[in-house]
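Trainee: My questions all concern the structure below.
The values are calculated or read from the model by the stated rules, or taken from the named source; none is laboratory data. Computed from a predicted model, the values in this text were never measured in an experiment. Cβ placement follows ideal geometry from the backbone for every residue including glycine, while neighbour counts extend to all protein chains displayed. These area figures cover heavy atoms from the full protein model, side chains too; ligands, DNA and RNA do not enter into them. Shrake-Rupley method; radii C 1.70, N 1.55, O 1.52, S 1.80 Å.
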Amino acid sequence: MDYKFLHYCNRGVNRTPIVYEDDSYAYLIRLMYRFLSYYKIELVAYCLMPNHYHILLEELEDKQGSRFIQRVFNSYTQAVNKRYGRVGTLFQGRAKHTETMSTEDTATIIGYIHHNPVAAGLVIHPSDWKYSDYNEWSEKISSTRKVTKYREMLFGPLVDYEEFVENFKKEP
């Protein structure tokens, strides 16, 4: 079977925050899970950061990933604007996405996504950041998604995945 993985990311307009409190993170995660069943995609990995996000999807049918991202983040922006009495865009333009071309590229993107809070100095270890699915990937919490399938396909045993992320270094 061929896989089509798309890495989506976007940041707050003028690099401002996109989330303001724990409730905002939790709401955004609930939106992602709520809208998954409407699209022919699999949510592979994600990390929500204070002023940006990274989401890796497996697209099972063309344009489904972009439609999912648009629906999730339009809904989120409307809710944030209403809650905080703000108007206008929350994000800096349209979400950018890149298609990964190999299993090595896909593994690197997952390492980057899950290591992002450590690289930003927000936590010491990826498992400390509760706004990513690292703990699902590392089996610290259960998952309703196919993370084990992807982890085994891309990294092999759990220990290899955990070691890869903990030692992740962004290319210069």
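Trainee: Rolling a 1.4 angstrom probe over the protein chains, ignoring ligands and nucleic acids, what is the accessible area of Val165 in square angstrom, nearest 10?
Mentor: 0 Å²
Trainee: Counting only heavy atoms of protein chains, what accessible area per residue, in Å², does region 1-90 have with a probe of 1.4 Å? Intermediate results must be reported in sequence, preceding the final value.
Mentor: Details: 4490 Å² over 90 residues.
Value for region 1-90: 50 Å² per residue.
Trainee: Now, a different point. From the backbone phi of region 8-22, what are the Karplus-calculated ³J(HN,Hα) couplings (6.51 cos²θ - 1.76 cosθ + 1.60, θ = phi - 60°) in whole Hz, Gly and Pro given as x?
Mentor: 9, 8, 6, 10, x, 4, 6, 6, 7, x, 10, 10, 10, 6, 3
Trainee: Oh, and also: Round to the nearest 10 and report in Å² the accessible area of Glu162, as given by a 1.4 Å probe over the protein chains' heavy atoms.
Mentor: Accessible surface of Glu162 is approximately 40 Å².
Trainee: Below 14 angstrom from the Cβ of Ala95, what's the summed charge of the other residues (Lys, Arg +1; Asp, Glu -1)?
Mentor: On the way: positive: Arg11, Lys63, Arg67, Arg71, Arg94, Lys96; negative: Glu59, Glu99.
In short, +4.
Trainee: What Kirkwood radius, in Å to one decimal, follows from the Cα pairs of the chain?
Mentor: Values: mean 1/r = 0.0609 Å⁻¹.
Averaging 1/r across every pair of different Cα atoms and inverting gives 16.4 Å.
Trainee: With the alpha-carbon atoms as the only input, what is the per residue convex hull volume for region 83-140 in Å³?
Mentor: So the per-residue hull volume is 136 Å³.
Trainee: Could you give the dipole magnitude of the chain about its Cα centre, charging the beta-carbon of Lys and Arg +1 and that of Asp and Glu -1, in debye to the nearest 20? Don't skip to the answer; put the middle values down first.
Mentor: Working: 22 positive and 22 negative charges, 214 e Å.
In debye, rounded to 20, the chain gives about 1020.
Trainee: To continue, here is another question. Under a 1.4 angstrom probe, counting protein chains only, how are Ser75, Ser37, Ser24 ranked by accessible area, largest first?
Mentor: On the way: Ser75 35, Ser37 100, Ser24 10 Å².
The most accessible residue leads, giving Ser37, Ser75, Ser24.
Trainee: Okay, next question. Could you give the alpha-carbon Rg of region 127-172 over 2.2 N^0.38 Å, rounded to two decimals?
Mentor: Values: Rg = 11.0 Å, N = 46, 2.2 N^0.38 = 9.4 Å.
In units of the 2.2 N^0.38 Å rule of thumb, it is 1.16.
Trainee: Cut-off 19 Å, label point 7 angstrom out along Cα-to-Cβ of Lys130: give me the residues of region 14-32 whose amide nitrogen falls inside.
Mentor: Of the residues in region 14-32, 18-32 have backbone N under 19 Å from the label point off Lys130.
Trainee: Which percent of the accessible area of the chain is formed by carbon and sulfur heavy atoms (probe 1.4 angstrom)? Intermediate values should be presented prior to the final figure.
Mentor: Working: 4680 of 9260 Å².
Roughly 51 percent, rounded to a whole number.
Trainee: Also, quick follow-up: Check which residues have an amide H placed less than 5 Å from Arg11's amide H, if you skip close sequence neighbours.
Mentor: The answer is Gln92.
Trainee: What's the Cα-based Rg to Rh of region 15-79, Rh via Kirkwood?
Mentor: On the way: Rg = 11.7 Å, Rh = 12.2 Å.
So for region 15-79, dividing Rg by the Kirkwood Rh gives 0.96.
Trainee: What FRET efficiency comes out for the pair Glu104/Ala26, r = Cβ-Cβ distance, R0 = 22 Å, nearest 0.05?
Mentor: Working: r = 33 Å, r/R0 = 1.51.
Once the sixth-power term is evaluated, E becomes 0.10.
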